[in-house]
Amino acid sequence: MSGAALPRADDLRHRNLLHFSHKAYSMTQFLRTLARPFHSAALAFSTFLSLAAGGTPERPERPWPNGARLVISFSMQFESGGQPEGAESPFPKVQMPPGQSDLVARTWYAYGYKEGIARLLDLWDEHRIKVTSHVVGEAAVQHPEVARAIAERGHEIAAHGMRWDNQFDMPYDEEARFVEDGVAAVAKVTGQRAVGYNCNWLRRGPNTLKVLQDLGFTYHIDDLSRDEPFVTLVRGKKFAVVPYTLRCNDIMLVEGRHFSADQFLAQLKLEFDRLYAEGKSNRRMMSVSLHDRIGGSPAMVQAVDQFIRYAKAHAAVQFMRKDEIAKVVLEEPHPLIDTSEAMTNEGKGRP
């Protein structure tokens with residue numbers, strides 16, 4: 001706050017009236033905004049009002065219904081085979097002659113559907129863990145036997161678009177077709193219709209949650225703001241958010257920052273230790289993301305195996321699919337509701 005000037009009174013009043021007029025904002029949030037230059041007083045007052053109304057403090061004790069102290073949720077991304085020509089790879093970027101594929105890069109992706117997914121599926125079976133697999137539509141079309149194996153072994157099939165493409169800049173109807181095409185393609189192969197969604201590189205647009213709501217989805221993961229699931233409001237209706245991770249993500253740490261498998265394991269254990277300690281008094285969730293061609297390598301699967309054994313040595317640790325986690329917050333009587341995107345999620349969505 002050093003050097004920050006207080007806003008002019010006219011500006012502050014005008015801003016607060018705009019916030020107050022929007023139905024998605026509670027009285028507590030309005031008072032916080034009104035008192036923004038005086039943070040300590042605003043926080044204390046809003047907490048008092050929440051408690052007086054029968055609510056809870058901002059980080060309440062919300063125990064998991066299964067008695068868990070910490071819930072761990074794995075994402076297993078099945079993308080290989082659905083990547084576009086020229087997709088990023090470990091190799092230096094080169095301009096290939098027109099019409100010629102980067103053959104060695106294609107083999108790097110092929111590892112995901114030839115080796116990686118099968119090795120990860122065996123690991124989940126060994127530990128009797130069910131995970132969520134975000135499946136790119138074209139990957140399932142190209143390699144239906146892999147997508148089918150994921151579903152047949154009891155894992156959640158979640159949506160990841162029809163292909164590797166941005167959707168944040170698509171008009172509503174185009175985005176809806178893009179999402180539905182991916183869902184339908186994967187459902188045709190696996191028999192499962194997805195209820196959870198993950199955008200390409202998490203980048204959603206102003207209509208994305210409205211599109212998902214209209215198509216029958218119940219949750220998305222494209223959010224990094226909390227270490228627990230919560231509810232957002234989309235056109236006044238509850239929609240679950242099961243936050244993703246960059247901190248425990250193989251594509252970010254192993255591929256992006258060149259972590260070794262040992263370093264990745266150390267990261268997972270450190271994350272676990274802190275969240276497990278916090279889980280004594282707060283609802284905590286740990287998300288781990290593995291991509292078929294990276295997390296499915298021998299060293300990485302060995303590291304994840306060691307992490308699972310480490311986590312299981314602690315009491316009250318549960319492993320859950322993301323659709324199960326979403327169901328918890330959607331069905332509990334007093335979920336954590338975050339309205340920070342309320343204005344974006346209002347409106348019809350369609351032009």
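Observations
- Solvent exposure, largest accessible area first (probe 1.4 Å, DNA, RNA and ligands not counted), of 325, 337: 337, 325
- Heavy-atom accessible surface of segment 213-351, averaged per residue, reaches 43 Å², computed with a 1.4 Å probe.
- Links that overshoot a 22 Å alpha carbon limit, given the list 188/238; 93/114; 269/312: 188/238; 93/114
- Computed with a 1.4 Å probe over protein heavy atoms only, the accessible area of residue 334 comes to about 150 Å².
- Applying a DSSP loop filter and a limit of 13 other Cβ atoms within 10 Å to the trypsin sites (Lys or Arg not before Pro) in segment 200-281 leaves 203, 257, 280.
- Rounded, prolate or oblate (a/c below 1.5 giving rounded, otherwise prolate when a/b exceeds b/c) for segment 92-202 by Cα gyration tensor: oblate
- Shape of segment 239-351, Cα gyration tensor, a/c cut at 1.5: oblate
- Taking 7 Å steps out from each Cα toward its Cβ at residue 177 and residue 111 produces label points 3.7 nm apart.
- Of all accessible heavy-atom area on segment 253-304, the percent that carbon and sulfur account for (1.4 Å): 50
- Within segment 100-143, trypsin sites (Lys or Arg not before Pro) in DSSP loop having at most 12 other beta-carbon neighbours inside 10 Å: 128
- Distant-in-sequence amide H partners of residue 286 (H built 1.01 Å from N, under 5 Å): 71, 72, 73
- Mean sequence separation of contacting Cα pairs (under 8 Å, at least six apart), scaled by the length of segment 206-351, corresponds to a relative contact order of 35 percent.
- Estimated FRET transfer efficiency (residue 165, residue 315; beta-carbon r; R0 45 Å; 0.05): 0.55
- Net charge in the neighbourhood of residue 301 (other residues with Cβ under 9 Å of its Cβ; Lys, Arg +1, Asp, Glu -1) is -1.
The values are calculated or read from the model by the stated rules, or taken from the named source; none is laboratory data. All of these numbers come straight from a predicted model, not from anything done at the bench. So basically every Cβ, Gly included, is an ideal-geometry build from the backbone, and we count neighbours across all protein chains shown. In case anyone asks, the SASA skips ligands and DNA or RNA and just uses the protein heavy atoms, side chains included. Shrake-Rupley method; radii C 1.70, N 1.55, O 1.52, S 1.80 Å.
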